[in-house]
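Reviewing the structure listed below.
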Amino acid sequence: MRWFLMVPLVWALAGAARADPPPPWMGVWQGTLGGAEVRACFGTQGQTDHGAYYYLRHLKLIRLDPAFDNAGQAWSEGDADQTGDTPRWVLTRTSGGVLGGTWSDKSGRRLPVRLTRIPLLKGDDTEEPCRGMTFMGPRLAPPTVTRIPASLDGTRYVRLIENVGAHFDVKIEAFELPGSTPAIAWLNTLLAKPLPGGARRPDWLTCLLDTAGSIGEEGEFEDVLEPDVISAHWLVTSETQDASCGDRQRSDAVDWRVFSLPSGEAVDPWSWFTVEAVRRRQVGGVRLTEIQPRLRKILTAHWTGEDECKDVAETEDGWDIHPTRDGLAFWPRLTHLRYPCADDLVVPYAELTPLLNETGRASISSIVEEFRRLPPRPKAKL
């Protein structure tokens, strides 16, 4: 019995002994390129010789891809597959925790590079140094929020724009309604959701770390929550989320929500329909919506998108629905690859009335009456 337990241990020790040590350049470094201070990393996901760097004075990330050079270990700036005459690094000596070499460009200009290794912070992955806070830390500053007065449909509100640094491709926005009632206070707590807070690492930072750690580039992140309609008793919001985080697939989404302003509670417009239009069931904690033939026929008839996307109206069951001035809008929840097919499918309220329950008819009646009183909106400029 003991012999069988020892065999896996022996194999594990043998495998560890055979594992190649990390290359001497792998890690996080700080020093100078010419007379400018830089911070660099080498070691992305599965690639010990890929990396990135930035100048401490402007903090913009620059990708480093391995390149061949007889003089020593070399890297080219930017995507080596798409760029030709890009600046090049050649590191020729490594000793005592120091990297030395030269930077050169196609004009023949040459600058010395001298880097000193920085110990990794607790929690950073030694196999992916570019993904950690040791490398990213100097680029971060405490976020600030800019408050900008705005108005929609005759109601004032405040746009809340988070500033995380102009060197990042990050756009985060929320908004705040005027008023001090408990319902408005509760709503404003919900509406501030896109703004990071608390001890949890914000999603935008995770995205940027993932991108630097997987491909040595800058990530893209957007989370914008804004009002779509504000009336006396109703609030409709849209939240646009778009992110490109390196090796993860790009994600796009628009989420619509409806709220009762007097109560501050979220309202589910699907609950306005009878079972002849929609059937809903719980599966593994997820509520599924099944469009029934009568409503499906209406959706198909009102589809105005591209013909190659018409199957969305014919087969899709995942829709966000929200009131508009012209009718109830159905927005399909689609994957990234099918996202170009996403568009509002608007059905006049009168056409949906036979499919509404008592709560739905009362809600739609209130919405139609209130939306009719809203001031006209200026036409969008082409």
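The values are calculated or read from the model by the stated rules, or taken from the named source; none is laboratory data. The structure displayed is predicted, hence computed values, not measured ones. For neighbour counting, all protein chains shown are included, and Cβ atoms are generated from backbone atoms with ideal geometry for every residue, glycine included. Surface accessibility is based on the protein's heavy atoms, side chains included, excluding ligands, DNA and RNA. Shrake-Rupley method; radii C 1.70, N 1.55, O 1.52, S 1.80 Å.
On the given criteria, is Thr181 hydroxyl-bearing (Ser, Thr, Tyr) and either closer than 29 Å to Cys130 by Cβ or surrounded by 16 or more Cβ atoms within 10 Å (Cβ to Cβ) (or both)? Criteria not met by Thr181.
Going through region 345-382 one residue at a time, which ones are modelled with pLDDT under 95, in contact with a Gly (Cβ under 7 Å, 6 or more places away or on another chain) and not aliphatic (A, V, I, L, M)? Selection gives Pro375 alone. Considering region 75-109, and only residues there that are among the hydrophobic types (A, V, I, L, M, F, W, C) and modelled with pLDDT of 90 or more, the residue that is nearest to Glu218 (Cα to Cα) turns out to be Trp75.
With the condition being open to solvent by less than 80 Å² (accessible area, probe 1.4 Å), more than 29 Å from Arg372 (Cα to Cα) and free of Cβ contacts under 8 Å to residues at least 40 places away in the same chain, I'd like the helices (runs of 4 or more DSSP H) fully within region 265-353 carrying at least 2 qualifying residues.
Details: elements: 293-301, 311-315, 349-352.
In region 265-353, 311-315 are the helices (runs of 4 or more DSSP H) which contain 2 or more residues that are open to solvent by less than 80 Å² (accessible area, probe 1.4 Å), more than 29 Å from Arg372 (Cα to Cα) and free of Cβ contacts under 8 Å to residues at least 40 places away in the same chain.
Listed by first and then second residue, the pairs linking a residue in region 158-170 that is hydrophobic (A, V, I, L, M, F, W, C) and crowded, with 19+ Cβ neighbours inside 10 Å to a residue that is assigned to a loop (DSSP other than H, G, I, E, B) and modelled with pLDDT under 95, with Cβ atoms under 7 Å apart and 6 or more places separating them unless they lie on different chains, are Leu160/Ala192; Leu160/Leu195; Val164/Pro143; Val170/Val164. For region 231-264, give me each residue that is of a type in the set (D, E, K, R) and surrounded by 14 or more Cβ atoms within 10 Å (Cβ to Cβ). Once the filter is applied, which keeps residues that are of a type in the set (D, E, K, R) and surrounded by 14 or more Cβ atoms within 10 Å (Cβ to Cβ), region 231-264 yields Glu239, Asp242, Asp252, Asp255, Arg257.
Could you tell me how many of the residues in region 17-46 are of a type in the set (A, V, I, L, M, F, W, C) and either more than 34 Å from the chain's Cα centre (by Cα) or part of a loop (DSSP other than H, G, I, E, B) (or both)? Please lay out each step first, then the result.
Start the filter on region 17-46 by keeping residues that are of a type in the set (A, V, I, L, M, F, W, C), which leaves 17, 19, 25-26, 28-29, 33, 36, 38, 40-42.
With either more than 34 Å from the chain's Cα centre (by Cα) or part of a loop (DSSP other than H, G, I, E, B) (or both) added as a condition, the list becomes 17, 19, 25-26.
So the count comes out to 4.
Residues are listed down the side, and each one gets a yes or a no for (1) farther than 17 Å from Gln241 by Cα; (2) under 14 Å from the mean Cα position of the chain (by Cα); (3) modelled with pLDDT of 95 or more:
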| site | (1), (2), (3) |
| --- | --- |
| Ala192 | no, no, no |
| Gly197 | yes, no, no |
| Arg201 | yes, yes, no |
| Thr206 | no, yes, no |
| Gly216 | yes, no, no |
| Glu226 | no, no, yes |
